[in-house]
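In what follows, a single structure is set out as structure tokens and then discussed.
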Amino acid sequence: MFNFLKNFKKEYLVVFLISISVVFSGSLIAPIEQRFISTLSENSAMMGFTFALGTLSLSLFALIFARLSQTYGKNKFIIAGAALGIIYPLVYATSTNIFQYMGGKMIFGFAGAAMGPLLVAYLQEHLFTEKNQGKLLGYLYSAQSIAGSFGAIFGGFIADKYFLGALYYLQFVVLLIPFFLALKFFGAKSDTDRGLASKLEAKPLSVSSLPKHRSYLFGIKYILLNPYLLYHLILEIPFKMNWSVKVILYPLIIISFVDSNVIIGSVFATQGVVAMVVLLYAGFFVDKKGYLVGMKTSFLILALASLAMAFSTDLIMFWIFAGLFAVGEAISGPSRGVLEIKNIENEYRAEIIAIFSIFGYLFEALSLFLAGILLTILVPQMVLLFYSLLIWVFLGIATVVLKIKLKSNDH
């Protein structure tokens, strides 16, 4: 299935290996993190804030690092992020109170801000001249899904067999892989990708008049001037909110049906397997039909699946529609990726990706904190219903805004 890797650029391969290692490490703790934190504090609002703290930390530094990388290069920040990545699992594992765990979340956020958006920008710059961008992104996301599904079910198994904290030590070991890869690949050469922007230029709509010397509001103006980037930005709200809240709501809903870490891990694993299969074809679909059709298709599936999950009356029904939700997520990945590649100039790519990341992080943080509050008054499935309705509302808003912006540009 992965024979194409033999003939592909080393830049793609490095990002490929780093990405699947990070995804695997995160999926290891997905089935148990909510339960581990509950051993430190039974306050659901405090639990939601703890989850949110990592994304808040990410949002504080992502744009700063992206702007600095234009001067100092991406390599140093990617290496620093990978180095910090081997610290926070140990902080998690040794936490004796909720505040120590919060400290780990802040380190996690700092690491993600230093590495995440810059690694995405680095990959997109090297995919810019490729013809089958959706296909290549689909392969990458498919591999991430394999890593995520295996990590989730393996994490649930280890938690049941040993103890919850064991997974954090295992996470530390896994995160040594991206650390050594980043150190070897990004530390062994000069930051030549800084010159790539001048060689490869995208031509998105209505941005040529924007100034070269820019303020921190430049990225927002850039997005607002492009109808497709604005459409993408609006849809990031429900996508990120539903994405992040899974780690809290899914385990709670599943536990209401059956109390088993293995089953929780298996549901997450099922989503990963479904996404893996769909992603092998989703990229072809996006390349053939276009990223806009891909976006609309994915969000309609997400809206329908989340609604069905909220009204599920047993584990099997919830499990089936969780799989369908993964289909929507899978199609969304290459669609959003190709949209970004085609609508962002490489000179500004790291900065714009950072803006999208910050926007997503903030709404992830809001989502997690809000979920903690809502769980004090509603059962988990009713909270999930609230998040499902957000998809429907913002899909409608994004569609109307896109039509208005395109019509305005035509005139």
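Observations on the structure shown:
- Test: residue in the stretch 250-266 that is surrounded by fewer than 17 Cβ atoms within 10 Å (Cβ to Cβ), farther than 24 Å from Tyr139 by Cβ and without any contact (Cβ under 8 Å) to a residue 40 or more places away in the chain: yes
- Of all residue pairs spaced 6 or more apart or on separate chains, those with beta-carbon atoms under 8 Å, a first member in the stretch 280-292 that is touching a residue at least 12 places away in the same chain (Cβ under 8 Å) and a second member that is outside any helix (DSSP H, G or I) and of a type in the set (A, V, I, L, M, F, W, C) are Leu280/Met1.
- Which listed residue is surrounded by fewer than 22 Cβ atoms within 10 Å (Cβ to Cβ), modelled with pLDDT of 80 or more and small (Gly, Ala, Ser), from Gly103, Gly81: Gly103
- Residues considered: Val393, Val400, Val338. Of these, the only one that is without any contact (Cβ under 8 Å) to a residue 60 or more places away in the chain and under 30 Å from Lys221 (Cα atoms) is Val400.
- Residue count, the stretch 157-173 (criterion: surrounded by fewer than 19 Cβ atoms within 10 Å (Cβ to Cβ) and outside any helix (DSSP H, G or I)): 3
- Ser44 falls short on exactly one of the conditions (1) under 26 Å from Val120 (Cα atoms); (2) of a type in the set (S, T, N, Q); (3) in contact with a Ser or Thr (Cβ under 8 Å, 6 or more places away or on another chain), and that condition is (1).
- Residues that are over 25 Å from Phe180 (Cα atoms), crowded, with 23+ Cβ neighbours inside 10 Å, over 16 Å from the mean Cα position of the chain (by Cα) and not basic (Lys, Arg) do occur in the stretch 49-69.
- Residues satisfying the stated conditions in the stretch 341-390, i.e. farther than 30 Å from Ser312 by Cβ, assigned to a helix (DSSP H, G or I) and over 18 Å from the mean Cα position of the chain (by Cα): Lys342, Asn343, Asn346, Glu347, Tyr348
- For the stretch 203-214, the criterion of being in contact with a helix residue (DSSP H, G or I) (Cβ under 8 Å, 6 or more places away or on another chain), modelled with pLDDT of 80 or more and not aromatic (Phe, Trp, Tyr) is met by none of the residues.
- Of residues in the stretch 1-58 being outside any helix (DSSP H, G or I) and among the charged types (D, E, K, R), the one modelled with the highest pLDDT: Glu42
- Phe325 of a type in the set (A, V, I, L, M, F, W, C), crowded, with 22+ Cβ neighbours inside 10 Å and at pLDDT 90 or above: yes
- The set of residues from the stretch 237-246 being of a type outside the set (Lys, Arg) and surrounded by 20 or more Cβ atoms within 10 Å (Cβ to Cβ) comprises Ile237, Pro238, Phe239, Met241, Asn242, Ser244, Val245.
- Residues in the stretch 369-394 that are more than 13 Å from Met309 (Cα to Cα) and β-branched (Val, Ile, Thr) were compared, and the one that is surrounded by the most Cβ atoms within 10 Å (Cβ to Cβ) is Ile391.
- Filter result (assigned to a helix (DSSP H, G or I) and of a type in the set (S, T, N, Q)) within the stretch 284-340: Thr297, Ser298, Ser306, Ser332, Ser335
- Given (1) within 11 Å of Met115 (Cα to Cα); (2) without any contact (Cβ under 8 Å) to a residue 40 or more places away in the chain; (3) of a type in the set (D, E, K, R), index of the condition Glu42 fails: (1)
- Subset of the stretch 241-254 [under 13 Å from the mean Cα position of the chain (by Cα) and modelled with pLDDT of 90 or more]: Met241, Asn242
The values are calculated or read from the model by the stated rules, or taken from the named source; none is laboratory data. It should be emphasised that the depicted structure is a prediction, and the values quoted were computed from it without experimental measurement. Neighbour counts are summed over all protein chains in view; Cβ atoms, including those assigned to glycine, are modelled from backbone coordinates with ideal geometry.
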